[in-house]
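Trainee: Attaching a single structure in structure tokens format; questions to follow.
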Amino acid sequence: MLRISPSLLAADFGALAEAVGAVASETDWLHVDIMDAHFVPNLTIGPPVVESLRRHTGVFFDCHLMMTNPGDYLEAFRKAGANGCTVHVEVGDTSELLAEARKLGLHAGLALNPETPYEAIDPFLDQADLILVMTVHPGFGGQSFIAEMVPKIARVRQELDRRGSPADLEVDGGIDVETAPIVVRAGARVLVAGSAVFGMPRPWEAARQIQEAGEAALPGGGPH
Ligand code: DX5
Ligand code: ZN
């Protein structure tokens, strides 16, 4: 099974509820990029916006916390209506953060930046419900896919399978109809796409095309 998680970062922030509606026919996940102007040089949204969006949709909010102190906000995001919260391994306290996320009833995700090697997340694989491999440097949408990340995606897939882990393997950054098949072949099963969805005139159609391109690369050629 393959899932698209459209990133709201590329949507019109003045019309977020409409953006959610624009892809509702194609997916039940939505990627919400939380940036704190410290872990990354950009500032986006916080719990009040998540809470407002929650009133408009029942989709799974896949919140990506690009924050130095995510532990201070996990509960606030949960209360605001987040379903999953993904923290970065680079900020430390990983075991504590993942345990806290699970205790709050969140799908607990662990992300790693392009320059961070697989080995950094290896000790925590069993404590996470989702592993997020960044395929761009976090902070901004619209960047080019870093192809050198493909072996790292494959390594995570291999380790999850070896341990019989049901954790999701998500990729984020530069995903479009061209790169989706590449990451799916490497083992990714949740594809975040921002500009390739919300930067298009018909976001639902763009999401469907990425989904189809990815499904064709699944073992056995997808559901068709
Ligand atoms: C980057 C964010 C991504 C971003 C991806 O820091 O984590 O989720 O929205 O955007 P695209 O798909 O345009 O690379
Ligand atoms: Zn993201």
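The values are calculated or read from the model by the stated rules, or taken from the named source; none is laboratory data. Nothing here was measured: the structure is a model prediction, and the numbers come from that model. Here the Cβ positions follow ideal geometry from the backbone for every residue, glycine too, while neighbour counts run over all protein chains shown.
Trainee: For region 88-119, give me each residue that is in a strand (DSSP E or B) and within 18 Å of Ser165 (Cβ to Cβ). Please lay out each step first, then the result.
Mentor: Kept after step one, since they are in a strand (DSSP E or B), are these residues of region 88-119: 88, 107-112.
Correct list: His107, Ala108, Gly109, Leu110, Ala111, Leu112.
Trainee: For region 162-184, give me each residue that is part of a helix (DSSP H, G or I) and closer than 14 Å to Gln211 by Cα.
Mentor: Of everything in region 162-184, those that are part of a helix (DSSP H, G or I) and closer than 14 Å to Gln211 by Cα turn out to be Ala180, Pro181, Ile182, Val183, Val184.
Trainee: Picking from Ala147, Ala80, Ala108, Ala101, which residue would you name as being surrounded by 16 or more Cβ atoms within 10 Å (Cβ to Cβ) and closer than 28 Å to Glu212 by Cα? Can you show your working first?
Mentor: Values: Ala147 fails: surrounded by 16 or more Cβ atoms within 10 Å (Cβ to Cβ); Ala80 fails: closer than 28 Å to Glu212 by Cα; Ala101 fails: closer than 28 Å to Glu212 by Cα.
The match here is Ala108.
Trainee: I need the full set of residues from region 7-27 which are more than 9 Å from ligand 1 (Cβ to nearest atom) and closer than 19 Å to Val184 by Cα, in order please.
Mentor: Residues of region 7-27 that are more than 9 Å from ligand 1 (Cβ to nearest atom), as a first pass: 11-27.
Selection gives Glu26, Thr27.
Trainee: Right, next: Output the qualifying pairs, or none if there are none: Cβ atoms under 6 angstrom, residues six or more apart or on different chains, first residue in region 170-190 and under 12 Å from Ile131 (Cα atoms), second residue more than 16 Å from ligand 2 (Cβ to nearest atom) and charged (D, E, K, R).
Mentor: Gly187/Arg157
Trainee: Starting from residues that are without any contact (Cβ under 8 Å) to a residue 40 or more places away in the chain and assigned to a loop (DSSP other than H, G, I, E, B), keep the ones in region 57-87 and report whichever is nearest to Asp168 (Cα to Cα).
Mentor: Ranking the candidates gives Asn83 first.
Trainee: Only one residue in Ala154, Ala188, Ala206 is assigned to a helix (DSSP H, G or I), on the phi < 0 side of the Ramachandran plot and surrounded by 22 or more Cβ atoms within 10 Å (Cβ to Cβ), so which one is that? Give the derivation first.
Mentor: Values: Ala154 fails: surrounded by 22 or more Cβ atoms within 10 Å (Cβ to Cβ); Ala188 fails: assigned to a helix (DSSP H, G or I).
Selected residue: Ala206, the only one of Ala154, Ala188, Ala206 that is assigned to a helix (DSSP H, G or I), on the phi < 0 side of the Ramachandran plot and surrounded by 22 or more Cβ atoms within 10 Å (Cβ to Cβ).
Trainee: Would you mind finding the one in Pro181, Pro223, Pro201 that is more than 16 Å from ligand 2 (Cβ to nearest atom) and at pLDDT below 95?
Mentor: Numbers: Pro181 fails: at pLDDT below 95; Pro201 fails: at pLDDT below 95.
So the residue among Pro181, Pro223, Pro201 that is more than 16 Å from ligand 2 (Cβ to nearest atom) and at pLDDT below 95 is Pro223.
Trainee: Still on this structure: Checking Glu119 against (1) touching a His at 6+ places or on another chain (Cβ under 7 Å); (2) more than 16 Å from ligand 1 (Cβ to nearest atom), which test does it fail?
Mentor: Only one criterion is unmet by Glu119, namely (1).
Trainee: Only one of Phe198, Phe145, Phe140 is under 21 Å from Asp28 (Cβ atoms), within 16 Å of the chain's Cα centre (by Cα) and among the aromatic types (Phe, Trp, Tyr); which?
Mentor: Values: Phe145 fails: under 21 Å from Asp28 (Cβ atoms); Phe140 fails: under 21 Å from Asp28 (Cβ atoms).
So the residue among Phe198, Phe145, Phe140 that is under 21 Å from Asp28 (Cβ atoms), within 16 Å of the chain's Cα centre (by Cα) and among the aromatic types (Phe, Trp, Tyr) is Phe198.
Trainee: Going through Ala186, Ala147 one at a time, which residue ends up being hydrophobic (A, V, I, L, M, F, W, C) and over 17 Å from Met1 (Cα atoms)?
Mentor: Details: Ala186 fails: over 17 Å from Met1 (Cα atoms).
Testing whether each residue is hydrophobic (A, V, I, L, M, F, W, C) and over 17 Å from Met1 (Cα atoms) leaves just Ala147.
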